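Reviewing the structure listed below.
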Amino acid sequence: MDFSKRVKSISASQTLKITSLIKKLRREGRSVINFAAGEPDFDTPDEIKSYAKDSIDSGFTKYTPVAGILELREEIARKFRLQNNLKYSPNQIVVSSGAKHSLINVLMTLIDEGDEVIIMAPYWLSYPEMVKLSSGVPVIVSFSRESGFRPDFDKLKAAITENTKCIILNSPTNPTGIVWREDELQSLGRIALERGIFIISDEIYEHLIYESEHISIGSLSGEIFRNTITINGVSKSHAMTGWRIGWIGADIELVSEITKMQSQMTSNASSISQKAAFAALKMDDSWLSFIKKKFKERRDVMMQMLDGYGISFIKPEGAFYLFMDISRFKGGSLFFAQELLDKKLVGVIPGEPFGADDYIRLSYATSIENIKEGIDRIGKFFNG
């Protein structure tokens, strides 16, 4: 069949592909340790589920406004104000079917054919593919492993051309777990202002930071705020990946155009999921404190064991991933990941689709028992 150039230009998600293979092996009775998961292993909190069930029982199962129900947008605006020092009004917010949907909404609204979007490597593997789907050109700026993949602003400025439309920022970062510092955010903001570039700030892991605090780049100044589009959601913070709720905070003119486009693509996000997201945002901080504590404990166990085996990695400051160095092995990360799965039944995500082929990504969104067993298998494979 003759498919579109658009779909032929993109790759399938390696994360979903490997996760599917792991599930298949488990169905066959194989004892696979899964370090590939990009979602919390906790269940959605009961009070969120109860609120959603009540919404179903009360008949809240119809279309809603395209941009989302007002009570949810008001709660998101309140969250932005209190937690992020971002002054978005409810009419500057669009609720979409997950933060991934929010990102593609923004890109498809801003990008014309040939427009360039700067993506800093290592990056979440979907960013370049979403830019391609939007008819844009992903421009990859690779940061050095020697610096621990911290931002290099000389490289960043050198990559900007007259066609540059946006820079995608992700902090905490998937896959490295790096958290951008305030001085780094200030430098990025100044560059964007000088060159008239939008910053798309993906802050989906903001509540999972272990040694510092999250700073929203849009909070640094009024000028940077106007150039920033903030993306967030409840998938990672409230173990709600399957509920598919994310949101955009942006200039009201851009939000109007995004709403128009979403009206012709998906209409509103699920009515029931919107109610569930409202309940999530109304919760006190005890849930967030609980998962943060659990993920930090798991991260620390994983790092301690890898140190014991003499394996190098980037210390994750946030999110729930660890980026492990496999540069001593020939064949690249795809080969390494396949060999590890075949020989030790440990599933990991190769670094190649993240823009760093000398690394693999390990998720510590699993039990400490699984982490101990899995790292033991990796250590024996690595040093065997």
Going through the range 134-171 one residue at a time, which ones are surrounded by fewer than 18 Cβ atoms within 10 Å (Cβ to Cβ), in contact (Cβ under 8 Å) with a residue 24 or more places away in the chain and among the charged types (D, E, K, R)? Arg145, Arg150, Lys157
Somewhere in the range 229-236, is a residue part of a helix (DSSP H, G or I) and within 23 Å of Asn170 (Cα to Cα)? no
Yes or no: Leu193 closer than 22 Å to Thr15 by Cβ, touching a helix residue (DSSP H, G or I) at 6+ places or on another chain (Cβ under 6 Å), open to solvent by 10 Å² or more (accessible area, probe 1.4 Å) and among the hydrophobic types (A, V, I, L, M, F, W, C)? no
Would you confirm whether or not the range 205-223 contains a residue that is in contact with a Pro (Cβ under 8 Å, 6 or more places away or on another chain), open to solvent by less than 10 Å² (accessible area, probe 1.4 Å), in a helix (DSSP H, G or I) and among the hydrophobic types (A, V, I, L, M, F, W, C)? no
I need the full set of residues from the range 64-83 which are over 19 Å from Ser270 (Cα atoms) and either open to solvent by less than 60 Å² (accessible area, probe 1.4 Å) or touching a Ser or Thr at 6+ places or on another chain (Cβ under 8 Å) (or both), in order please. Ala77, Lys79, Phe80
Give me a count of the residues in the range 283-335 that are modelled with pLDDT of 95 or more, part of a helix (DSSP H, G or I) and either closer than 24 Å to Glu213 by Cβ or not small (Gly, Ala, Ser) (or both). 22
Can you name the residue in the range 249-284 that is over 14 Å from Pro45 (Cβ atoms) and of a type in the set (Asp, Glu) and, of all such residues, is nearest to the chain's Cα centre (by Cα)? Asp251
Quick one: in the range 295-326, of everything that is touching a residue at least 12 places away in the same chain (Cβ under 8 Å) and open to solvent by 50 Å² or more (accessible area, probe 1.4 Å), which residue is farthest from Lys53 (Cα to Cα)? Gly310
Which of (1) open to solvent by less than 20 Å² (accessible area, probe 1.4 Å); (2) of a type outside the set (Lys, Arg); (3) closer than 19 Å to Ile368 by Cα is the odd one out, the single condition Ser333 does not satisfy? (3)
Among the residues of the range 353-360, is any surrounded by 22 or more Cβ atoms within 10 Å (Cβ to Cβ), in contact with a Lys or Arg (Cβ under 7 Å, 6 or more places away or on another chain) and under 20 Å from Tyr127 (Cα atoms)? yes
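The values are calculated or read from the model by the stated rules, or taken from the named source; none is laboratory data. None of these values were measured; they are calculated from a predicted model. All Cβ positions, glycine included, derive from the backbone under ideal geometry; neighbour counts span all protein chains shown. Each accessible area value is taken on the protein alone, full model and side chains, heavy atoms only, with ligands, DNA and RNA left out. Shrake-Rupley method; radii C 1.70, N 1.55, O 1.52, S 1.80 Å.
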